[in-house]
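A quick write-up on the structure given underneath.
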Amino acid sequence: MAEHDAGTTIRLGYRSGINVTRDGEDRWTLRQVDRHGEEFCRVDLVKKRMRVGRSRIPTGGVSGLYTPPIHRAKGYASCLMEASHDFLRRQGCSIVLLNAIPGFYHRYGYDVVFPVYRLFVRTERLLQARRLLNVRRARKRDEPALVKLYNQCNRYRTGTLVRNADWRFTRLVDYGRPPGKLLVVEDKRQWVAGYALCRTRRDCYFVQELTARSSSAFESLAGAVGTRARRAGFDRVHFKLPVDHPFAEFCNRLGSEWEIQYHVNAEGMGRILDLPRFLAALRPEFEYRLGKSGWSKKTCLWFETELGAAGLKIVGNTARCIPNREADSHKIALSQTALLQLALGYRTVSDAAIEKGVRIPCTARPFLEVLFPPSPAMMPMVAE
Ligand SMILES: CC(C)(COP(=O)(O)OP(=O)(O)OC[C@H]1O[C@@H](n2cnc3c(N)ncnc32)[C@H](O)[C@@H]1OP(=O)(O)O)[C@@H](O)C(=O)NCCC(=O)NCCS
């Protein structure tokens with residue numbers, strides 16, 4: 001598929017009535033059409049790389065699923081979701097994520113894998129921060145430095161996407177109405193030291209993304225955001241950041257409020273598409289975690305899910321994926337979503353263990369606790 005030019009429509013060989021259009025690199029639209037070309041249902045797909053600590057997971061993103069009202073309740077969306085999974089698996093994705101409407105995607109094997117974090121800081125508190133560095137609107141020529149800064153500052157942050165050198169912030173700025181404002185803070189040598197993507201919302205001033213490499217850059221951005229929020233008439237600012245983000249920690253000393261939502265069957269949901277590939281992609285982070293814990297034991301973990309089974313052979317701080325169960329392995333029975341929740345740090349091992357249908361032998365728990373520590377990760381904007 002990848003060799004087709006952007007905008008080309010081709011028939012998917014494996015399923016009649018579904019067309020795929022390539023909309024750009026690693027970006028597609030799947031449409032269900034009849035032989036006259038009438039569209040019954042459509043969905044947009046992307047392929048990204050998402051970080052889980054030091055690992056990069058090939059991740060599919062689903063958005064814009066739509067069936068026109070006259071064609072609803074005839075099974076078109078279900079058929080297209082199944083085709084989307086098949087398509088993304090063929091593109092090499094081992095998991096898939098989406099931002100879900102409530103009560104719908106469970107039927108396609110999805111569960112909630114990220115909480116929603118909202119940080120609120122009063123505008124007057126932000127205005128107390130010292131403006132140590134210059135803050136200005138971003139220019140086109142800042143883009144490569146901004147992408148580099150984003151990747152550097154988030155290099156081990158679970159839930160962030162790897163942005164290629166040609167990725168452009170204009171995508172995010174123009175996503176949503178009104179378009180955002182991208183503020184850049186420069187250090188004394190006039191190098192980009194941080195940025196904040198801000199926009200006005202109905203009820204508050206919203207900072208969609210913020211990255212900076214020093215505390216003076218944090219202070220300067222806080223002051224600049226506060227100034228713009230005051231100018232727009234808002235007495236508080238909503239930052240979209242996870243609780244362990246360094247800017248969020250900085251805001252705690254200004255006085256901050258958190259809202260953390262754990263949804264049921266809505267918002268940041270995901271599922272595994274390819275179990276062996278998923279475990280193999282996690283290997284660098286597994287080995288880092290084993291090394292950090294000083295683990296020196298030898299064991300085999302065998303994961304049995306509704307998608308099939310796969311194993312991990314651990315010797316000291318090395319972890320190797322194995323396709324066949326070894327005689328002395330610990331058998332762990334759990335759903336593919338429970339495994340994804342563990343891998344993304346959404347749930348603890350002890351919480352997953354008490355779920356119906358999950359079987360984790362006591363002897364395997366210490367290994368799993370090293371491999372799957374909890375982490376306050378946030379859902380990436382997969383369609384970016
Ligand atoms: C959601 C939507 C895509 C479903 O399309 P569809 O072609 O009617 O779906 P299907 O016929 O395949 O129905 C699948 C199942 O979902 C259920 N369902 C349909 N729309 C639903 C909704 N909005 N909320 C919850 N469940 C819904 C159906 O009852 C059916 O249930 P069943 O499998 O138990 O019989 C369609 O209603 C739509 O386009 N809505 C507006 C856009 C939207 O919200 N998209 C989702 C973006 S995340």
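The values are calculated or read from the model by the stated rules, or taken from the named source; none is laboratory data. These numbers come from a predicted model, not from an experiment. Quick reminder, even Gly has a Cβ in these numbers, built from the backbone with ideal geometry, and neighbours come from all protein chains shown.
Looking only at the stretch 25-39, which residues are within 16 Å of the ligand (Cβ to nearest atom) and surrounded by fewer than 17 Cβ atoms within 10 Å (Cβ to Cβ)?
The initial filter retains those residues of the stretch 25-39 that are within 16 Å of the ligand (Cβ to nearest atom), namely 29-34, 38-39.
Within the stretch 25-39, T29, V33, D34, E38, E39 qualify.
I'm trying to understand the selection: among the residues of the stretch 239-292, which are of a type in the set (F, W, Y), surrounded by 18 or more Cβ atoms within 10 Å (Cβ to Cβ) and more than 19 Å from T211 (Cα to Cα)?
Once the filter is applied, which keeps residues that are of a type in the set (F, W, Y), surrounded by 18 or more Cβ atoms within 10 Å (Cβ to Cβ) and more than 19 Å from T211 (Cα to Cα), the stretch 239-292 yields F278, F286.
Could you list, ordered by first residue, the pairs with Cβ atoms under 6 Å in which the first is in the stretch 61-77 and assigned by TED's automatic domain parsing to the domain that holds F87 and aliphatic (A, V, I, L, M) and the second is more than 6 Å from the ligand (Cβ to nearest atom) and assigned to a helix (DSSP H, G or I), at least 6 apart or interchain?
Matching pairs, first to second residue: V62/S84.
Hey, among T170, T158, which residue is touching a residue at least 60 places away in the same chain (Cβ under 8 Å) and hydroxyl-bearing (S, T, Y)?
That would be T158, the only listed residue that is touching a residue at least 60 places away in the same chain (Cβ under 8 Å) and hydroxyl-bearing (S, T, Y).
How many residues are under 20 Å from the mean Cα position of the chain (by Cα), in a helix (DSSP H, G or I) and near the ligand (Cβ under 7 Å from one of its atoms) if we restrict to the stretch 40-90?
Step one: list which residues in the stretch 40-90 are under 20 Å from the mean Cα position of the chain (by Cα), which gives 43-65, 81, 84-85, 87-89.
Of the ones still in play, those that are also in a helix (DSSP H, G or I) are 81, 84-85, 87-89.
From what is left, the residues that are near the ligand (Cβ under 7 Å from one of its atoms) are none.
Total satisfying the criteria: 0.
Is it the case that some residue within the stretch 213-233 is surrounded by fewer than 23 Cβ atoms within 10 Å (Cβ to Cβ) and under 20 Å from the mean Cα position of the chain (by Cα)?
Looking for residues that are surrounded by fewer than 23 Cβ atoms within 10 Å (Cβ to Cβ) and under 20 Å from the mean Cα position of the chain (by Cα), one finds none in the stretch 213-233, hence no.
Out of all the residues in the stretch 300-332, which are out of contact with any Asp or Glu (no Cβ under 9 Å at 6 or more places or on another chain), of a type in the set (D, E, K, R) and not in a loop (DSSP other than H, G, I, E, B)?
Selection gives E304, R320.
List the strands (runs of 3 or more DSSP E) that sit entirely inside the stretch 205-283 and contain at least 2 residues that are touching a helix residue (DSSP H, G or I) at 6+ places or on another chain (Cβ under 7 Å).
205-212, 236-239, 267-272
Keeping to the stretch 14-53, report how many residues are touching a Ser or Thr at 6+ places or on another chain (Cβ under 8 Å) and farther than 30 Å from F286 by Cα.
Qualifying residue count, the stretch 14-53: 14.
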